[in-house]
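First the structure, in the form of C-alpha cells, and then the observations on it.
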Amino acid sequence: MAGILLSHTEKVYITHGVKNEYRSDGRSNIDYRPMELETDVVSHASGSARLRLANTDILVGVKTEIDVPKPDKPGLGKIEFFVDCSANATPEFEGRGGEQLANSISNIMLRAYQSAQAFNLKQLCIFEGKQCWKLYIDILVTLCRIGEKCVVDPTAEEESCSLVSLIVGVTGNPKYYNDYEDEEELPAFEAKCSVISMHGPGSVSPQNLRDAINQGIIAAVCLDEALGKTLFRERRDTEQFKRHSYGFLK
Amino acid sequence: MATLRVMDSFLMPGPDLLSSQGLRLDGRRPNELRRIRCKLGVFTQPDGSAYLEQGNTKVLAAVYGPHQASKSKSSTEAVVVNCQYSMATFSTGERKNRPRGDRKSLEMSLHLRQALTAAIKTELYPRSQIDIYIEVLQADGGAYCASVNAATLALVDAGVPLRAYVCACTASMAWHGGSPAPLLDVGHVEEAAGGVVLTVASLPSTGSIALLEMSHRLHSDYFENVLSRALQGCRDIEVILDKAVRDHLAEGWTKQDVVTV
C-alpha cells in the first residue's frame, strides 16, 4: 500500500473527530463508504463476485470439484480459500510481495467459515464417507487501501493513525440467501461472531474491545441486510432479463 | 500439385475446424475477430490502467512508471521495462494452483517485455523503470494477445511515449474442402484441437513485427499466408484500440474544445 504521510496535527484532528462521532468525509462512526457489488463476472467459475469499496477492488471466484471427504468428518464437505494480491494493486505486491497479507487474510477467512453456524458444510456432502464437494474460493485483490472495521471502514488516513485495528467476522442472515416462502417460519435471527482478528502496534483495554466488537456486529448486520437486498434485486433482474452485465467496463 | 496433396494428408491431424458452410466452431467466419470491448483508466492508483475483453478472454493491465529503477536493474542508456504476467486461479477451466512464478508465466512475461520494449521510446528515460502488470481474469485462448493489447492501452493511459501501437493476434490454418483457409484469432477450443497457432505482435502503423511465435508444425508454403492474415488482424485491432483511446479522451471534452487537424 502506498505510504500515507500525515502530520501530527492531522492525526490529532482525525482522532478528535472520531471522538465526536464525526469523520473527515462526513460519515458517522458506523457508516460504510458506498460500495458496488456485481455477481457473475467470470463465466468460467461456478460463481463469482466483484466488490468495489472506494479504492479497494476485490474479485472473488468460486470453483467446485468433487473430492473425498476427510476421514474424521465423513458427513461434511470441504472449503478452501486462496487469496491473491495482484500487482495491479501496488508494485509492492509483485512476485511474492503480497504473500504475507494474502496468507493472513486467507487464514482469517478459513477460521470464519469453520463454525457450522457460518456455513453448513453438510450441504456439500454427496455420499457420506465417499464423495463430497470441495469449494475453492479464490479472492483476487486488484486494488487496495485496505479498510476494516473498528471505526467502521476506516480510510487509509484513519487507519494510519489508529493504534489497533480489529476485524470481526459475523454470520449472515440466511433469509437473504435462500428462497423462503413463509417468512414466519424462520426462527429469530441473531448475528453471531465467528472470527476476531487484531492488527496494529498498540494494545486495547477489554472494555474498549467489547465496545468495538459490538459496534462491528451492528455494522455487519446492516451491511448484510444491504447486501442481501442487492442480491435479491439482482436475482430478480436476471430472471426478468433486465440485467446488464458490466464487469470492469463501467 | 500431386506432391502437395501428399503433404496435406499427414499435415492436418486434427478434426475439422471449419464446417461445410465455412463456419468455425464458435460460429465465426475464418477472417473474423472476436468481439473486443475495452476501457481505459479502470483504476485510479496505477499511473495507467486498462481492461480488455476479447471474446471470453478478460485481461486487466496496470502500468506504474516511469519511476526510479531499483539499483540491481538500473540501466544508464534506456528505461528498464519490467513485466509481470499473472493468471487468476479461477481463470482457466481447470483451477490453476499458482497464479504466477511458474514457467509458463515467466515465459509470457519475457514475451510481453519483448513486444512492449519495441514500442516504448526507451531512450527517453535512462535510469528509470516502467512496471507493467497483467492479470488474466478469464482465459479462453489468445490470453497473450489480449495482454499485449491491454498493455498498450494502459501505456497510453499512463502517458508513456510510444513509437506506435502494439497489437497482437493469433492465426491458424484449417482446410475447407481441400483448399487452405487461414483462421484469424484462435479461441481455446480451436487451440486445444491441435492446429498450428501463430502468434504475432506487431506495430501495425510501421508494419514491423516485434514478436513471432508458433506452435506445432506448418508447411513453409502456407506460412506467408497465415502470417499475412495475422498481420491483417493486428491492423484491424489497431483501429479498434485507436477508437477506444479517442473515445476515452473525448469523454471529458466538449465539442468546442476539440480541434480537428
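From the residues in segment A:46-70 that are free of Cβ contacts under 8 Å to residues at least 40 places away in the same chain and assigned to a loop (DSSP other than H, G, I, E, B), which one is nearest to the other protein chains (Cβ to nearest Cβ)?
Checking each candidate, the answer is A:46.
Please work out if residue A:79 is within 23 Å of residue B:96 (Cα to Cα), part of a strand (DSSP E or B) and more than 13 Å from chain B (Cβ to nearest Cβ).
Against the criterion (within 23 Å of residue B:96 (Cα to Cα), part of a strand (DSSP E or B) and more than 13 Å from chain B (Cβ to nearest Cβ)), residue A:79 qualifies.
How many residues does segment B:56-85 contain that are charged (D, E, K, R), more than 17 Å from the chain's Cα centre (by Cα) and under 30 Å from residue B:186 (Cβ atoms)?
So the count comes out to 0.
How about segment B:63-99: which of its residues are within 14 Å of chain A (Cβ to nearest Cβ), touching a Lys or Arg at 6+ places or on another chain (Cβ under 9 Å) and within 27 Å of residue B:158 (Cα to Cα)?
The answer is B:68, B:69, B:80, B:81, B:82, B:83, B:84, B:85, B:86, B:87, B:88, B:91.
Name every residue in segment A:50-61 that is small (Gly, Ala, Ser) and open to solvent by 30 Å² or more (accessible area, probe 1.4 Å), in order of residue number.
Once the filter is applied, which keeps residues that are small (Gly, Ala, Ser) and open to solvent by 30 Å² or more (accessible area, probe 1.4 Å), segment A:50-61 yields only A:54.
Residues that are free of Cβ contacts under 8 Å to residues at least 40 places away in the same chain, surrounded by 13 or more Cβ atoms within 10 Å (Cβ to Cβ), aromatic (Phe, Trp, Tyr) and part of a helix (DSSP H, G or I): does segment B:214-228 have at least one?
Yes, that holds for at least one residue.
Restricting the search to segment B:16-33, which residues are open to solvent by less than 50 Å² (accessible area, probe 1.4 Å) and touching a Ser or Thr at 6+ places or on another chain (Cβ under 9 Å)?
The answer is B:17, and nothing else.
Do we have any residue at all in segment A:86-93 that's open to solvent by less than 40 Å² (accessible area, probe 1.4 Å), more than 14 Å from chain B (Cβ to nearest Cβ) and either under 15 Å from the mean Cα position of the chain (by Cα) or farther than 20 Å from residue B:102 by Cβ (or both)?
No: segment A:86-93 contains no residue that is open to solvent by less than 40 Å² (accessible area, probe 1.4 Å), more than 14 Å from chain B (Cβ to nearest Cβ) and either under 15 Å from the mean Cα position of the chain (by Cα) or farther than 20 Å from residue B:102 by Cβ (or both).
Determine whether residue B:122 is over 13 Å from the mean Cα position of the chain (by Cα) and within 20 Å of residue B:34 (Cβ to Cβ).
No.
Starting from residues that are of a type outside the set (A, V, I, L, M, F, W, C), part of a strand (DSSP E or B) and under 21 Å from residue B:238 (Cβ atoms), keep the ones in segment B:169-211 and report whichever is most open to solvent (accessible area, probe 1.4 Å).
My answer is B:208.
Would you point out the residue of segment A:17-45, among those that are open to solvent by 50 Å² or more (accessible area, probe 1.4 Å), under 19 Å from the mean Cα position of the chain (by Cα) and more than 23 Å from residue A:237 (Cα to Cα), that is nearest to the other protein chains (Cβ to nearest Cβ)?
The extreme case among them is A:32.
Among residues belonging to segment B:45-62 that are more than 27 Å from residue B:124 (Cα to Cα) and within 8 Å of chain A (Cβ to nearest Cβ), point out the one that is surrounded by the most Cβ atoms within 10 Å (Cβ to Cβ).
Once the filter is applied, the top-ranked residue is B:58.
The rows are residues; the columns are (1) within 28 Å of residue B:124 (Cβ to Cβ); (2) at pLDDT 90 or above.
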{"site": "B:180", "(1), (2)": "no, no"}
{"site": "B:230", "(1), (2)": "no, yes"}
{"site": "B:241", "(1), (2)": "yes, yes"}
{"site": "B:251", "(1), (2)": "yes, no"}
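The values are calculated or read from the model by the stated rules, or taken from the named source; none is laboratory data. Just so it is clear, the structure is predicted and the values come from calculations on it, not from any experiment. We place every Cβ from the backbone using ideal geometry, glycine too, and count neighbours over all the protein chains shown. Just the protein is used for accessible areas: all its heavy atoms, side chains included, with ligands, DNA and RNA removed. Shrake-Rupley method; radii C 1.70, N 1.55, O 1.52, S 1.80 Å.
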